[in-house]
1. Within segment B:259-281, how many residues are away from every other protein chain (no Cβ under 11 Å) and either within 19 Å of B:Thr302 (Cα to Cα) or modelled with pLDDT under 85 (or both)?
2. Among the residues of segment B:115-129, write down those that are closer than 17 Å to B:Ile209 by Cβ and assigned to a helix (DSSP H, G or I).
3. Any idea which of (1) modelled with pLDDT under 85; (2) hydroxyl-bearing (Ser, Thr, Tyr); (3) buried (at least 20 other Cβ atoms within 10 Å of the Cβ); (4) within 30 Å of B:Ser164 (Cα to Cα) is the one B:Ser241 doesn't satisfy?
4. Give segment B:1-32 a look and list any residue that's within 12 Å of chain A (Cβ to nearest Cβ), β-branched (Val, Ile, Thr) and farther than 30 Å from B:Ala46 by Cα, or say none.
5. Have a look at A:Phe183, A:Phe164, A:Phe151 and point out the one that is more than 9 Å from chain B (Cβ to nearest Cβ) and at pLDDT below 90.
6. Provide a single number: the residues in segment A:290-306 that are within 21 Å of B:Gln264 (Cβ to Cβ) and either touching a Leu at 6+ places or on another chain (Cβ under 8 Å) or acidic (Asp, Glu) (or both).
7. Residues that are within 20 Å of B:Ala141 (Cβ to Cβ) and either in contact with a strand residue (DSSP E or B) (Cβ under 7 Å, 6 or more places away or on another chain) or assigned to a helix (DSSP H, G or I) (or both): does segment A:222-230 have at least one?
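The values are calculated or read from the model by the stated rules, or taken from the named source; none is laboratory data. On a predicted model such as this, the values are computed, not experimentally measured, just so you know. FYI the Cβ positions are ideal-geometry reconstructions off the backbone, even for glycines, and counts take in every protein chain you see.
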Amino acid sequence: MATNQDAEAAVLSDDMAASSPPMGMKVIVREFVRDKLALASLILLVGLLVTIFIWSFLIDQDQVTNVSLWDSYLRPMAFSEDPAREGMRFILGTDSAGRDIFGLLIIGARNSLLLGWSVTVVTSIIGIVIGILAAYYAGLIDNIIMRIIDFIMILPQLMIIIIFITIVPTYNVLTFALILIVFNWHGQARFIRGRALTVGRLDFISASKTMGTPSLVIMLREMMPNISSLIIVNLTLNFAGSIGLETGLSYLGFGLPPGTPSLGTLVAYATNPDILENRAWVWLPASTLILVLVLCINYVGRALQRAADAKQRLG
Amino acid sequence: MWKTIFRRILLMIPQIIILSILIFIIADFMPGDPFRGLVDPNLDPAQLEAQREAFGLNDPLPVRYVRWVGDALQGDFGRSFNYQQPVVAVIGGRLGNTVRLSLLSVILTYLIGLPLGILAGRYNESVLDKTVLVYNFVSFAVPIFVLALLMVWIFGYNLNWFPSRGSISINANTTWERWTSQLYHLILPSITTAILGTTSIIQYLRSEIIDAKVSDYVKTARSKGVPISKVYTKHIFRNASLPIASGFGFTIVSLFTGSIFIEQIFNYRGMGYLFLQSINTRDYSVIFVLVLFYGFLGLIGTLLSDLILMAVDPRIRID
């Protein structure tokens with residue numbers, strides 16, 4: 001059977017060598033070449049990620065969180081006024097406790113990105129598993145899962161997340177991530193289920209079932225590859241969403257625990273009207289970085305989305 | 001029609017019961033007395049325990065749930081410890097502010113979204129369409145708290161065009177002054193909400209109109225001599241607005257929920273602000289009722305959306 005298929009494939013590829021349709025990576029590359037803005041976003045995004053991660057390795061976190069009242073609210077580019085920290089220069093100024101805003105920005109961005117990415121990956125895995133299970137078994141199981149998801153959608157999620165964060169007994173990065181995951185998987189599951197349902201109705205799945213292929217194999221090797229491009233698109237778009245959620249919660253004071261700087265905690269300085277109005281260098285860089293990151297990630301996601309759907313491609 | 005509505009409302013009862021049980025269980029993890037607000041949550045553990053015992057809070061969960069439902073059905077949702085007032089009165093006091101803000105936001109959202117969506121769909125591939133698409137992309141991606149902060153910073157503090165905090169000026173005395181002052185305070189937060197709220201309206205309208213352009217009923221209308229502008233207003237728009245109508249139930253409900261971020265950033269004393277304040281002062285009875293209220297609104301929103309969709313689209317029969 002396998003050799004037969006291979007032979008057929010060989011014949012087909014010989015036939016179509018002249019005008020083989022672009023596949024996989026090629027489509028994606030072409031999409032980015034056609035859309036200059038997407039290419040620019042991708043380059044900017046990769047540049048930012050590399051800078052943030054390499055720089056955060058070079059920075060000594062203790063030195064960044066080092067407090068010095070001499071240096072309270074220094075303007076950007078100012079030199080330290082603390083004799084003990086002579087010669088230090090603060091590119092983006094300092095906060096009330098004399099901490100270097102630039103260092104906090106880099107470390108905060110790293111933390112926000114890492115947390116956003118972990119939450120996205122875990123919620124996506126849960127979403128894919130549940131979505132494919134619901135789509136494959138359909139009927140009663142699908143009904144139960146969808147009723148649960150509909151129910152979670154009705155709940156005021158932001159409020160419930162905040163409540164859980166305030167009542168959880170040991171609050172740290174892990175519990176925070178877990179809470180975000182618990183209240184975010186359903187959107188993914190719903191999306192994946194919708195797409196997997198259409199795939200599940202295709203003839204080759206029915207044929208596979210008739211042939212007695214084990215369910216697990218059908219789900220993993222036949223249904224999942226068919227929605228893999230959607231999974232990648234979804235991963236990108238949700239990454240941006242997770243960063244937005246985490247920084248938003250950190251802004252409100254219900255995000256990453258104190259001692260773990262986040263872009264949101266830097267923006268949260270702006271809850272103080274004086275800082276908001278007169279000391280914009282404290283919160284504005286973090287807000288701008290959030291904007292740039294989220295816009296770039298989304299734009300790259302859109303380009304991937306177009307590449308995944310032949311009807312929308314530019315090239 | 002009425003039969004369906006009646007059946008849907010009957011179906012909501014078990015949903016409300018499940019919702020209340022779930023939220024009751026979550027609330028049970030809160031210290032103090034989240035259900036009646038009689039116990040001071042800031043007491044030390046030993047005293048807290050004694051008070052909980054005295055108020056019957058250590059009874060089994062089902063017993064307390066039934067007791068709480070009994071009170072709730074008589075309109076008694078407990079007291080706010082922070083305000084020393086019934087929770088219903090505390091929430092009622094904030095509801096007006098939130099409804100005013102949300103109403104203006106919804107009106108602005110549709111004022112921006114409908115024309116942009118229609119024009120982008122009608123003249124798709126034009127410069128206008130491309131601009132709208134960029135705007136739509138940005139409004140989808142930008143987190144609301146970042147935009148709100150930038151708006152306050154630029155238009156509130158730097159340009160001084162709008163008040164940046166609160167819901168009314170302290171100098172407003174006469175009815176007219178109060179009214180204008182309130183409206184003036186509403187403008188910036190509602191514009192911010194509206195700018196980010198148009199995404200789905202524009203997206204649905206635009207793609208529906210593009211699809212409708214080549215459909216048979218449009219060709220028929222054109223060939224029997226209906227002017228093109230009339231085809232758009234009378235034929236296409238009605239069909240293209242169906243997906244928006246299906247979300248309208250949630251729009252109505254959103255009038256009462258407000259936004260935590262917007263109200264926090266603009267220091268606007270509405271429901272979202274009350275929620276954050278209650279979290280910070282550990283006013284658990286208020287939090288509990290707020291979550292329940294929002295969950296209930298979510299259920300009503302689904303019901304309304306289905307009913308509206310059924311009313312505007314006779315092809316749909318929801319049982």
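1. Counting residues in segment B:259-281 that are away from every other protein chain (no Cβ under 11 Å) and either within 19 Å of B:Thr302 (Cα to Cα) or modelled with pLDDT under 85 (or both) gives 1.
2. B:Pro115, B:Leu116, B:Gly117, B:Ile118, B:Leu119, B:Ala120, B:Gly121, B:Arg122, B:Leu128, B:Asp129
3. Evaluating B:Ser241 over (1) modelled with pLDDT under 85; (2) hydroxyl-bearing (Ser, Thr, Tyr); (3) buried (at least 20 other Cβ atoms within 10 Å of the Cβ); (4) within 30 Å of B:Ser164 (Cα to Cα) leaves (4) as the failure.
4. Passing the criteria: B:Ile16, B:Ile18.
5. Values: A:Phe164 fails: more than 9 Å from chain B (Cβ to nearest Cβ); A:Phe151 fails: more than 9 Å from chain B (Cβ to nearest Cβ).
Selected residue: A:Phe183, the only one of A:Phe183, A:Phe164, A:Phe151 that is more than 9 Å from chain B (Cβ to nearest Cβ) and at pLDDT below 90.
6. Going through segment A:290-306 one residue at a time, the tally reaches 1.
7. Narrowing segment A:222-230 to residues within 20 Å of B:Ala141 (Cβ to Cβ): A:230.
Now restrict to residues that are either in contact with a strand residue (DSSP E or B) (Cβ under 7 Å, 6 or more places away or on another chain) or assigned to a helix (DSSP H, G or I) (or both): A:230.
So far as segment A:222-230 goes, yes, one or more of its residues are within 20 Å of B:Ala141 (Cβ to Cβ) and either in contact with a strand residue (DSSP E or B) (Cβ under 7 Å, 6 or more places away or on another chain) or assigned to a helix (DSSP H, G or I) (or both).
Residue by residue, here is whether (1) at pLDDT 85 or above; (2) surrounded by 18 or more Cβ atoms within 10 Å (Cβ to Cβ) holds:
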| residue | (1), (2) |
| --- | --- |
| A:Arg193 | yes, yes |
| A:Ala196 | yes, yes |
| A:Gly212 | yes, no |
| A:Ser215 | yes, no |
| A:Ser228 | no, no |
| A:Gly241 | yes, yes |
| A:Tyr251 | yes, yes |
| A:Ala268 | yes, yes |
| A:Asp274 | no, no |
